[in-house]
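Trainee: Can you keep this structure in mind? I'll have questions shortly.
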Amino acid sequence: MDKADAAATLAAEILEHIPLTRAMQIAISRYTGDELEMTAPLAPNINDKGCAFGGSMTALLTLAGWGLIELGMRAAGLECDIYVGDTQVRYNAPVWGALRGVARFAEAGALAPLVASVRTRGKGHVDVACEIVGEAGAAATLSARFFARLHAPA
């Protein structure tokens with residue numbers, strides 16, 4: 001399966017299984033293997049001031065980080081549970097339009113050691129850097145450590 005098809009499959013799955021993503025109208029707009037970009041329109045994610053709700057930005061960034069790892073593990077042929085363990089969020093500027101969140105590995109080449117750890121130990125972790133792209137740079141950032149654990153045999 002190519003990257004575009006893998007991303008489309010993941011987008012359909014999260015919309016089906018995570019109700020918040022439907023309410024936020026999240027979509028995957030780009031996946032390169034090293035980056036995942038998710039978008040959401042402003043209207044369902046607006047706050048009382050008319051700009052994007054901080055909780056929506058955090059949710060979008062967390063999902064983008066999770067999705068980046070999920071797609072990487074699937075590409076490696078590994079079926080894992082991926083979960084966020086630690087995050088730090090910074091809000092730098094209001095967002096007055098559609099949300100565009102980009103997730104990338106905090107260090108280049110970080111997926112390969114994660115895959116190796118999961119294959120040998122059944123688990124591993126990786127750091128991800130995510131940002132809401134704003135008019136003048138990063139409107140919000142999320143630094144997160146995600147954990148991956150192989151599904152236990154049934």
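The values are calculated or read from the model by the stated rules, or taken from the named source; none is laboratory data. This one's a predicted model, so the numbers in the text were calculated from it and none came from an experiment. Cβ atoms come from the backbone with ideal geometry, glycine included; neighbour counts cover every protein chain shown.
Trainee: Please state which of the following conditions ALA12 fails to meet, knowing it meets all the rest: (1) of a type outside the set (D, E, K, R); (2) farther than 17 Å from GLU131 by Cβ; (3) under 14 Å from the mean Cα position of the chain (by Cα).
Mentor: (3)
Trainee: Of all the residues that make up the stretch 115-154, how many are closer than 15 Å to LEU36 by Cβ, of a type in the set (A, V, I, L, M, F, W, C) and either assigned to a helix (DSSP H, G or I) or modelled with pLDDT of 95 or more (or both)?
Mentor: Counting residues in the stretch 115-154 that are closer than 15 Å to LEU36 by Cβ, of a type in the set (A, V, I, L, M, F, W, C) and either assigned to a helix (DSSP H, G or I) or modelled with pLDDT of 95 or more (or both) gives 8.
Trainee: Let me ask another. Among residues belonging to the stretch 97-121 that are free of Cβ contacts under 8 Å to residues at least 24 places away in the same chain and of a type in the set (A, V, I, L, M), point out the one that is surrounded by the most Cβ atoms within 10 Å (Cβ to Cβ).
Mentor: ALA110
Trainee: If the requirement is being out of contact with any Cys (no Cβ under 8 Å at 6 or more places or on another chain) and of a type in the set (Gly, Ala, Ser), which of these qualifies: ALA64, ALA106?
Mentor: Exactly one residue qualifies, and that residue is ALA106.
Trainee: Further question: Keeping to the stretch 1-54, report how many residues are among the small types (Gly, Ala, Ser), farther than 21 Å from PHE105 by Cα and buried (at least 18 other Cβ atoms within 10 Å of the Cβ). Talk me through it step by step, then tell me what you get.
Mentor: First pass over the stretch 1-54, keeping only residues among the small types (Gly, Ala, Ser): 4, 6-8, 11-12, 23, 27, 29, 33, 40, 43, 50, 52, 54.
Okay, now just the ones that are also farther than 21 Å from PHE105 by Cα, so 12, 23, 40, 43, 50, 52, 54.
Narrowing further to those that are buried (at least 18 other Cβ atoms within 10 Å of the Cβ): 40, 52.
Here the count works out to 2.
Trainee: Find the residue count for the stretch 90-133, including only residues that are more than 16 Å from ALA148 (Cα to Cα) and among the β-branched types (Val, Ile, Thr).
Mentor: 4
Trainee: Additional query: So, in the stretch 55-96, how many residues would count as being under 15 Å from LEU142 (Cα atoms), surrounded by 15 or more Cβ atoms within 10 Å (Cβ to Cβ) and among the small types (Gly, Ala, Ser)?
Mentor: Looking only at that region, the number is 5.
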